[in-house]
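Working notes, beginning with the structure itself.
The values are calculated or read from the model by the stated rules, or taken from the named source; none is laboratory data. Everything quoted here is computed from the prediction, not taken from an experiment. In this analysis, Cβ positions are derived from the backbone assuming ideal geometry, glycine residues included, and neighbour counts consider all displayed protein chains.
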Amino acid sequence: MSIIIDGKQTSAVVRKEYAEEIKELAKKGIVPGLAVIIVGDDAASAIYVRNKGIACQQVGIYSEIIELPKETTQDELINRIKVLNERKDIDGILVQVPLPKHIDPKAVVASISPAKDVDAFSEVNVGKIMIGNHYFLPCTPAGIIELLKRYNIEICGKDCVVIGRSDIVGKPMAMLLMHENGTVTICHSKTRNLADITRRADILVVAMKKPRYVKADMVKEGAVVIDVGMNRDAEGKLCGDVDFDEVSKVASYITPVPGGVGPMTITMLLKNTITAAKRNHGIE
């Protein structure tokens, strides 16, 4: 059986470390501040935003949640962001997705100052990640790298396969694995003979939004399997993209859903906010 990579437990340990760092910053009069904007009444988004607020409170980050009606125009939203860009008490800005259909997410991200883009979605920060000269990393891929390191899982020289090519997870995940000297293959919906490729992976990261798609016969014996998926099956049960019951019998390490990657995503948001605060106050 696999060793379970416990994201909840690891997250708790990491957050304690961040809380101590924030205490030291407070001695210098610095309190990291995060503004989270939510537009509309999406129930899942409301839960995510609330969890982010709780996480900030736990470690000592000032958080401000700005709730806007779904009728908010794109210009109104961008104007709110521009005000936050100028505020000295706000170090990070995050706009919760999904947004109402009449708002262009790319235009919204472009309006956030790169120095406060704690999601690391802006073109400036994406470019910095590409060349390895970054301050912020996308939270989910960064959380995965942190989990691998905390479990002493070597990336250097390993064959790494990422299923999924989204701008939020797949693409940056591949880049971060390459920065750690992994040899990376990206697979997607057009990939032929997918199972032949996944069976070569020492580290398999799955982010495809298909419930329990990856089965044991798609995984090499002893592989490390990271499941980014968050789905509901036919019975309404929360599950990942990996068939945990099957794959845990062949993998050496595996993340569960829930309790694997998810908790680390918010934890990395805290890290980015701390980094932004330090940089905005001239501390490198």
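Annotation note: of K237, K215, the sole residue that is in contact with a helix residue (DSSP H, G or I) (Cβ under 7 Å, 6 or more places away or on another chain), among the basic types (K, R) and without any contact (Cβ under 8 Å) to a residue 60 or more places away in the chain is K215. Pairing each residue of segment 70-81 that is more than 8 Å from V108 (Cα to Cα) and among the aliphatic types (A, V, I, L, M) with any residue that is in a loop (DSSP other than H, G, I, E, B) and at pLDDT 95 or above, provided the two are 6+ apart or on different chains, yields C-beta distances under 8 Å for I81/I112. Residue pairs whose Cβ atoms lie under 8 Å apart, sitting 6 or more positions apart in sequence or on different chains, and linking a residue in segment 110-138 that is in the same structural domain as V36 (by TED's automatic domain parsing) and surrounded by fewer than 22 Cβ atoms within 10 Å (Cβ to Cβ) to a partner that is modelled with pLDDT under 95 and of a type in the set (A, V, I, L, M, F, W, C), do not occur here. Taking the listed residues V31, V14, the one that is touching a residue at least 40 places away in the same chain (Cβ under 8 Å) and surrounded by fewer than 17 Cβ atoms within 10 Å (Cβ to Cβ) is V31, with no other qualifying.
Residues are listed down the side, and each one gets a yes or a no for (1) more than 21 Å from I155 (Cβ to Cβ); (2) at pLDDT below 95:
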| position | (1), (2) |
| --- | --- |
| M175 | no, no |
| A207 | no, no |
| R212 | yes, no |
| A223 | no, no |
| D243 | yes, no |
| G260 | no, no |
| I274 | yes, no |
| H281 | yes, yes |
| E284 | yes, yes |
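When the test is whether a residue is of a type in the set (A, V, I, L, M) and modelled with pLDDT under 95, A55 does not pass it.
Here the condition is being buried (at least 24 other Cβ atoms within 10 Å of the Cβ) and either aromatic (F, W, Y) or touching a strand residue (DSSP E or B) at 6+ places or on another chain (Cβ under 9 Å) (or both); of G164, G240, it holds for G240 alone. On inspection, K249 qualifies as modelled with pLDDT of 95 or more, over 24 Å from I168 (Cα atoms), assigned by TED's automatic domain parsing to the domain that holds A201 and among the charged types (D, E, K, R). Here I61 fulfils each of the conditions (1) more than 30 Å from I5 (Cβ to Cβ); (2) more than 18 Å from the chain's Cα centre (by Cα); (3) surrounded by 22 or more Cβ atoms within 10 Å (Cβ to Cβ) apart from (1).
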